[in-house]
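Just so you know, all these numbers are worked out from the coordinates, no wet-lab data involved. Values in this document were obtained by computation on a predicted structure and should not be read as measured data. Cβ coordinates were reconstructed from backbone atoms using ideal geometry, including for glycine residues, and neighbour counts include every protein chain displayed.
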Amino acid sequence: MTTTDASASRSLTDGAIAAALHTVSANAATFGLRYPADTTTDGVYALRPATDEHPAGSNLGWTTSFWPGQLWLATELTDREVFRDAALDHVASFAARVRDEVELDTHDLGFLYTLSCVTAWRLEGDVVAREAALAAADALMVRFLEPAGIIQAWGDLSDPRQRGRTIIDSLMNLPLLRWASVVSGDRSYGDAADRHAVALRDHILRPDGTTFHTFYWDAETGAPLRGATEQGESDSSCWARGQAWGIFGFALTHRETGDESFLEAARRCADHFLEQLPPDGVPYWDLALVDVPRDSSAAAITVCGLDELVRLLPENDPARARYADAATGMLDALVATCTPVAGADASPLLLHGVYDMPRGIGVDEGTLWGDYYFLEALTRRALPQWRSYWWVAGEER
Ligand code: GLY
């Protein structure tokens, strides 16, 4: 990179961070302790919908922690008390959720409690957050099925449609178990994470470097059964966000275990993703398709995953520069083509995501996770020493 390129890139990053922080600040004023919906509708976040038992804006579903996650990133980018206080204020809601057993029948307890509570403990020593995160790890362990050695993704454990089913996104839920092992001294959490990751490496990653979104095991015998999709185009296609979770999740698993096979798995996911990436740097929502809506959130997750890979590869590995260049190009593309004009109320940070194309949910909209990973990607660029919320190894407080 020339000096001019470097200073242009810095000013692009600074401008994108300033705009993102402005939006986070405005959304904090709009939502307070309530939670926005999973995605925007026509470009605007409404409150999370009410249910029979819970009012609008309640802490329900799998995406609420991406909101305090953004507040933590904003805290680290600015050191401003207003963001720190707002992030800490969400701990009580997550502690109540796990205590009252509200919608805990999901593997996404990892996403939920890593960003809301593990981070509050790590950065601020919040003991309520630590206890809530440990309770969430216990609830996640209930979903670990023997003899298959996998964590069931969705639903009640006795639901025949969901029994023995995992999904690739689950790799990002394993850091909660690894953290619980370290802070509790109980290895069973980490052992479960290791077994689950091995099962996904061996079955959800296909020989050609593509991935299934979901995979079923026979919960009684432990036999691997079949791959299937839920949010991709077909059982044999390659859902872009799943591939992104694979890049990031397998790279994290290598970091935690030192097992080279997970580094190889992450590289294979990355290589296929980059082969299918259009020249403008934002993937189609399924990597097997062209000229369909993009999923900017898959790009944001991939930028973070590629950054992990770059940090893990030896300096003389030729793929290192290729992954670093790809991450730079994709993040620049997101800034240039997927950020909203400033000033709108309840705005996302990142436009043009897709939640669930087969069901027509959240198509060409902002998404809470896309916003979070976009801000994480910007943070990684702005603060190279930033300590990832997803790392655990050797943790001390
Ligand atoms: N973890 C669900 C999704 O990526 O849509």
Check: Put a dot 7 Å past each Cα toward the Cβ at Leu225 and Arg206; how far apart are the dots in nm?
Finding: 2.0
Note to self: Given bins 10 angstrom wide, list per bin the percent of all Cα-Cα distances in the chain, short to long.
What the structure shows: 5, 24, 36, 27, 7, 1, 0
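From the convex hull of the Cα coordinates of the range 22-111, what is the mean projected area in square nanometres? If you can, show how the numbers build up before the last one.
Details: hull surface 24.7 nm².
Across all orientations, the range 22-111 yields a mean hull projection of 6.2 nm².
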Margin query: Rounded, prolate or oblate, given the Cα gyration tensor of the range 213-332, with a/c below 1.5 counting as rounded?
Written below: oblate
Next item on the list: Evaluate E = 1/(1 + (r/R0)^6) for Ala46 and Ala96, where r is the Cβ-Cβ distance and R0 equals 30 Å; express this FRET efficiency to the nearest 0.05.
Entry: 0.85
Item checked: Efficiency of FRET between Asp345 and Asn316 - r from beta-carbon atoms, R0 56 angstrom, step 0.05 -> 0.65
Check: Over what distance in Å are the Cα centres of the range 360-397 and the range 164-196 separated?
Finding: 19
